[in-house]
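Inspection log for the structure reproduced underneath, given as structure tokens.
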Amino acid sequence: MPVFHKQWTLFLDRDGVINVEKKESYVLSWDEFVFAPGALEALGMLNEVFGHIVVVTNQRCIGKGLLTVQQLDDIHRCMVKTIETHGGRIDRIYFCPDLDDDSPCRKPQTGMAWQARRDFPDIQFHRSVMVGNHFSDMMFGKQLGMYTVWIGSDTCEEMPQLPHPLIDACYPSLYDWAKAIG
Ligand SMILES: [Mg+2]
């Protein structure tokens, strides 16, 4: 595992990493948003390590008309405030509302990473980590040369076997990974 430091950027998937993913459904309000066990503590630890911390999240529920951008922003405002209360930080959140699997901003496509680098030009993809719970997250990271961490949550695909060409490390939760690198 690399030694992470402030020149590294952390890209985090949201559902299944920061919060509990709703099976075959979406988080449509703050009431439905449940932090994953240990995630708040993990984000406090990761705050000390990484120079930038951004969230990249596919939110097809917007394209489906189940949630407005304003409502998503409200959920994210509450999420970030709670994370900050616990000593963590999210520098920016990127979301893809699109339905189309081929949309350039929908993971596994890399559009959201390029948006982040436009906002933070010192981001280096070879000094970035992508943490997610689906293969689309791992592909997103690997296409850009990132270090990839698989989080095995209940709703994810079957826990992959390492070594795996798309996955550098596997942990049961964001908290377990944060502890391992701290
Ligand atoms: Mg996810």
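Observations on the structure shown:
- Pairs of lysine residues in the chain - Cα separation under 20 Å, sequence separation of 8 or more or cross-chain: 7
- Using the alpha-carbon positions of the chain, Rg (one decimal) and Dmax (whole number) come out as 15.0, 42 Å.
- The chain: relative contact order as a whole-number percent, Cα under 8 Å and 6+ apart: 26
- Residue-normalised convex hull volume from the C-alpha trace of the range 93-182: 114 Å³ per residue.
- Here the 3J(HN,Hα) profile of the range 165-182, calculated from phi with Karplus coefficients 6.51, -1.76 and 1.60 at θ = phi - 60°, is x, 9, 10, 8, 8, 10, 9, x, 7, 4, 4, 5, 5, 4, 5, 5, 8, x Hz, Gly and Pro shown as x.
- Here the range 7-80 is treated as a sphere whose radius is the Kirkwood value from Cα pairs; by Stokes-Einstein at 10 °C and 1.306 mPa s it diffuses with a coefficient of 120 µm²/s.
- Distance between the range 10-52 and the range 133-182 - C-alpha centres, whole angstrom: 14
- Computed [θ] at 222 nm, deg cm²/dmol, the chain (DSSP H ≥ 4; -39,500 (n - 2.57); rounded to nearest 500): -9000 deg cm²/dmol
- In the chain, a dipole from Cβ-located charges (positive for Lys and Arg, negative for Asp and Glu) runs towards its positive end, and of G44, T9, V149 it is T9 whose Cα lies farthest in that direction.
Readers should treat all values here as calculations from the given coordinates under stated rules, not as data from a laboratory. Computed from a prediction, not measured in an experiment: that's the story for all the values here. As a convention, Cβ positions derive from the backbone with ideal geometry for all residues, glycine included, and neighbour counts pool all protein chains shown.
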